[in-house]
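Trainee: Next up is a structure, given as structure tokens.
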Amino acid sequence: MDNGTPLEQARCEYRIDLNRPQRAAEKEHAALLQRFHPDYASDNRIPLTIGVNRHDPCHPQLAALLQSDSQTDEQTLAAAEQIETEILVIGAGGAGCSAALVAAESGADVLLATKLRLGDSNTIMAEGGIQASIEAGDTPQAHFDETLRAGHHCSNKQLVKQMVLDGPAVIQWLIQQGMQFDHDQRGNLCTRRAGGTSADRILYYRDYTGLEMMRVLREAVRQHHKINTADYSPAVELLSNCSGHCTGALLYSIEQQKYSVVNAQSVILASGGLGRMHLNGYPTSNHVGATGDGLVLAYRLGAKLQALDSFQYHPTGLAWPQTLAGTLITEGIRSAGAQLVNSRGERFIDELAPRDVVCAAILRECSEGRGISLASGRQGVWLDTPVLEQQQPGMLAKHFPKFISLCDKAKIDPYHSPLLVCPTLHYQNGGVVINEACETTIPGLFCAGEVSGGIHGKNRIMGNALLEIISFGRRAGAAAAAREMPDNTERSLAHLERFRHERQQHNIKNSGQQGPLLFPHYASFNRESA
Amino acid sequence: MTTAVTSESYHEITVNGMPLSVSPNHSLIQALWKSGHPHFKRASCLEGVCGSCRMMVKYCGQSEVRFVLACQSSVEAGMQVLFPQHLEKQSSALLNHRYQLPSSGADEQRLHDLFPQVAHCRHCHGCTIACPKGIDVEKGITLAHEGKLKAAGDLFINCVMCDLCTTSCPENIAPNYVALFARRTTAFNRPLPDNLAARLQALQRGELTINY
């Protein structure tokens with residue numbers, strides 16, 4: 001990698017320029033991705049050796065985790081307290097909460113279990129907004145086409161169609177839960193454009209869309225008499241009957257330091273993504289608990305996964321100061337008019353190209369000597385916010401309060417100085433295979449949200465994550481509640497026995513790592529923590 | 001990972017009364033992690049929006065104790081840090097309100113029924129001082145009491161539901177939940193936006209389909 005311009009020098013050389021030329025549009029996105037996007041590097045993909053996805057490509061760090069041993073055995077199960085519920089929801093972000101609410105509305109008793117607290121999730125950090133085609137000049141067909149195109153045509157079309165058509169009803173449901181959106185003077189919902197799309201389709205509330213959503217859903221869950229919640233209670237194993245159907249889960253209460261067996265007619269896994277695995281050493285925009293637990297649990301039970309080698313590196317994570325590295329700067333700021341600029345003062349990419357393309361373009365600038373380098377060796381490019389402030393005075397302060405508070409903390413003046421940014425691990429594009437009713441390949445196990453796969457193909461566009469979690473969360477809740485109680489409600493770890501046998505057969509070595517991870521290694525929040 | 005240090009120097013701080021050497025240039029949470037502090041579970045988003053990592057802090061040379069979000073606070077030499085674990089039970093015990101949207105009857109009256117303590121505000125500023133997001137909490141309660149629900153709710157745009165205002169109120173008002181009620185009813189009562197309503201009707205009529 002070429003060295004680039006040192007930060008201090010680049011800062012001196014920076015000038016506000018409203019007429020910066022933009023380099024000619026990329027003809028060949030494919031070649032750019034191939035050369036510079038982390039997903040496309042050959043050493044970021046190995047075949048899985050055990051499980052239903054045997055021989056499928058998977059990121060090596062994720063493969064090690066998926067094939068790792070469990071911390072659980074039959075003895076733990078036998079000694080654990082038994083809890084009965086109709087629906088068990090694992091994960092209390094947007095998908096888990098909306099699933100719980102809909103299941104409870106249809107009369108089911110719900111237990112909502114979460115590793116941290118109700119609402120602690122990636123949802124609450126979502127800044128940009130939620131997609132729904134509502135403007136007169138826009139159509140669901142365009143939303144559908146653009147989701148597919150940005151995902152390189154690897155999505156499950158039926159799932160995307162359903163999600164896109166759900167969009168407006170999702171917004172209406174959120175408003176009925178008491179969520180606010182930004183309105184224009186005529187009372188219409190404000191919209192803005194996402195990268196890789198042709199129409200204004202992002203609805204938002206400041207840059208607090210996720211916070212506003214989560215405040216409201218958390219309160220709605222708390223107020224619902226059919227929902228019980230269990231904080232600090234991560235699932236450490238799913239349970240199965242002799243037919244291999246999912247019949248519940250083993251939870252571990254961090255506060256009480258004990259296990260409990262939850263018997264459920266349906267289990268909804270809504271446990272989110274894996275940014276805190278720091279794939280390829282990348283910083284992440286994810287919350288502390290995003291350690292890919294759901295994938296591990298589902299895989300051991302025998303659920304089919306997909307696209308385990310596809311991740312989103314959000315183009316604009318803060319690169320400096322180092323203590324805040326990885327913190328997300330919303331695409332909304334680029335949508336509003338902030339520019340990406342290299343050390344020579346050039347705009348090198350359409351700022352609203354799809355995220356994977358923008359990410360690859362930033363990595364190209366850095367690797368070809370046009371980046372801005374830190375003492376640590378890491379590089380980034382400028383996110384030019386002063387240009388935005390000049391063109392639309394007041395825009396930053398009015399629409400991006402979360403961003404402004406980040407700048408305060410970073411001691412950066414975004415009105416006059418650009419911010420150093422580089423890609424940050426943001427989202428897991430693949431996940432557990434689901435159908436339109438959020439059923440996995442294992443009867444009794446449903447999935448919704450980031451843990452599931454098939455919707456975003458190989459690259460997600462802004463605003464589709466928040467739409468997905470509510471669209472599929474609600475469907476998972478309804479489908480799980482409608483499922484009839486299976487005849488055989490036995491709860492065993494038979495699947496784990498099979499899994500361990502397979503590990504032995506294929507000579508998988510114990511690396512000392514056990515799954516699920518629950519917490520990143522540096523967060524010394526272990527089982528003994530109080 | 002986000003905790004590379006270039007400096008070899010350390011700051012001496014105390015955490016729950018125990019002395020600890022921590023790396024400077026770090027947020028409080030990063031410093032606690034880095035020092036191997038094992039008893040800290042209240043961390044989630046690290047971006048100051050989840051409200052989990054609230055702590056009590058007394059800075060060197062200052063007399064008053066402040067509430068901060070640990071992910072948003074830098075380590076300073078000589079600071080004293082206390083995990084306010086006692087507040088966790090306290091805040092859940094204070095939350096007795098139960099309601100569904102749409103709330104029956106006038107929302108202004110409903111607010112008083114749900115949160116009768118609002119009328120007892122002593123204007124002691126305790127809630128406003130406790131707020132780590134700089135919200136004028138007390139003013140919000142005054143506005144709510146006067147039935148100005150939208151104005152009250154609008155003050156709480158930055159609220160992260162850390163419950164510090166709730167635990168600091170001598171009259172057991174739960175200001176952040178009062179404001180959330182005000183915000184939710186405001187959103188619920190707003191006429192359905194035209195652009196959304198038009199699209200919902202078009203979808204219902206089957207005018208918009210997806211072909212592939």
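The values are calculated or read from the model by the stated rules, or taken from the named source; none is laboratory data. Bear in mind the structure is a predicted one, so any value in this text is a computation, not a measurement. In this analysis, Cβ positions are derived from the backbone assuming ideal geometry, glycine residues included, and neighbour counts consider all displayed protein chains.
Trainee: Every residue in segment B:143-177 that is in a helix (DSSP H, G or I) and either of a type in the set (Val, Ile, Thr) or closer than 22 Å to residue B:50 by Cβ (or both), please.
Mentor: B:153, B:154, B:164, B:165, B:166, B:167, B:168, B:175, B:176, B:177
Trainee: Applying the selection to segment B:187-197, what residues are in a helix (DSSP H, G or I) and either at the interface with another protein chain (Cβ under 7 Å from one of its Cβ atoms) or touching a residue at least 40 places away in the same chain (Cβ under 8 Å) (or both)?
Mentor: Filtering segment B:187-197 down to residues in a helix (DSSP H, G or I) leaves B:187-189, B:194-197.
Matches in segment B:187-197: B:187, B:188, B:189, B:194, B:195, B:196.
Trainee: For segment A:297-321, give me each residue that is assigned to a helix (DSSP H, G or I) and either of a type in the set (Phe, Trp, Tyr) or surrounded by fewer than 24 Cβ atoms within 10 Å (Cβ to Cβ) (or both). Let's see the steps before the verdict.
Mentor: To start, the set of residues in segment A:297-321 that are assigned to a helix (DSSP H, G or I) comprises A:297-301.
Hit for segment A:297-321 is A:299, nothing else.
Trainee: Still on this structure, please answer the following. Among the numbered criteria (1) modelled with pLDDT of 90 or more; (2) loosely packed, with under 13 Cβ neighbours inside 10 Å, which one does residue B:75 miss?
Mentor: (2)
Trainee: Restricting attention to segment A:373-414, which residues are farther than 27 Å from residue B:73 by Cα and either buried (at least 23 other Cβ atoms within 10 Å of the Cβ) or of a type in the set (S, T, N, Q) (or both)?
Mentor: Across segment A:373-414, the qualifying residues are A:390, A:391, A:392.
Trainee: Continuing with this model, one more query. Sort out which residues of segment A:363-397 are in a helix (DSSP H, G or I), in contact (Cβ under 8 Å) with a residue 12 or more places away in the chain and either within 11 Å of chain B (Cβ to nearest Cβ) or not polar (S, T, N, Q) (or both), and write them in order of number. Don't jump to the end; show me each part of the working.
Mentor: So the first thing to find is which residues in segment A:363-397 are in a helix (DSSP H, G or I), and the list is A:363-367, A:385-391, A:395-397.
Those left that are additionally in contact (Cβ under 8 Å) with a residue 12 or more places away in the chain: A:363-367, A:385-391, A:395-396.
Passing the criteria: A:363, A:364, A:365, A:366, A:386, A:387, A:388, A:389, A:395, A:396.
Trainee: Among the listed residues B:152, B:179, B:198, identify the single one that is within 13 Å of the chain's Cα centre (by Cα) and at pLDDT 95 or above.
Mentor: B:179
Trainee: Taking segment A:180-201 as the region of interest, how many residues are among the hydrophobic types (A, V, I, L, M, F, W, C), within 18 Å of residue B:194 (Cβ to Cβ) and either more than 10 Å from chain B (Cβ to nearest Cβ) or within 22 Å of the chain's Cα centre (by Cα) (or both)?
Mentor: Here is the first cut: in segment A:180-201, the residues among the hydrophobic types (A, V, I, L, M, F, W, C) are A:181, A:189-190, A:194, A:199.
Now restrict to residues that are within 18 Å of residue B:194 (Cβ to Cβ): A:181, A:189-190, A:199.
Narrowing the set further to residues that are either more than 10 Å from chain B (Cβ to nearest Cβ) or within 22 Å of the chain's Cα centre (by Cα) (or both) leaves A:181, A:199.
Qualifying residue count for the region: 2.
Trainee: Kindly indicate the residue of segment B:20-54 that is among the hydroxyl-bearing types (Ser, Thr, Tyr) and at the interface with chain A (Cβ under 9 Å from one of its Cβ atoms) and also nearest to residue B:67 (Cα to Cα) among those meeting that condition.
Mentor: Checked segment B:20-54; the qualifying residue nearest to residue B:67 (Cα to Cα) is B:52.
Trainee: For segment A:112-141, how many residues are outside any loop (DSSP other than H, G, I, E, B), more than 23 Å from the chain's Cα centre (by Cα) and either under 28 Å from residue A:327 (Cβ atoms) or more than 8 Å from chain B (Cβ to nearest Cβ) (or both)?
Mentor: So the count comes out to 0.
Trainee: With the requirement that a residue be in a loop (DSSP other than H, G, I, E, B), crowded, with 20+ Cβ neighbours inside 10 Å and more than 14 Å from chain B (Cβ to nearest Cβ), what does segment A:218-244 give you?
Mentor: A:241
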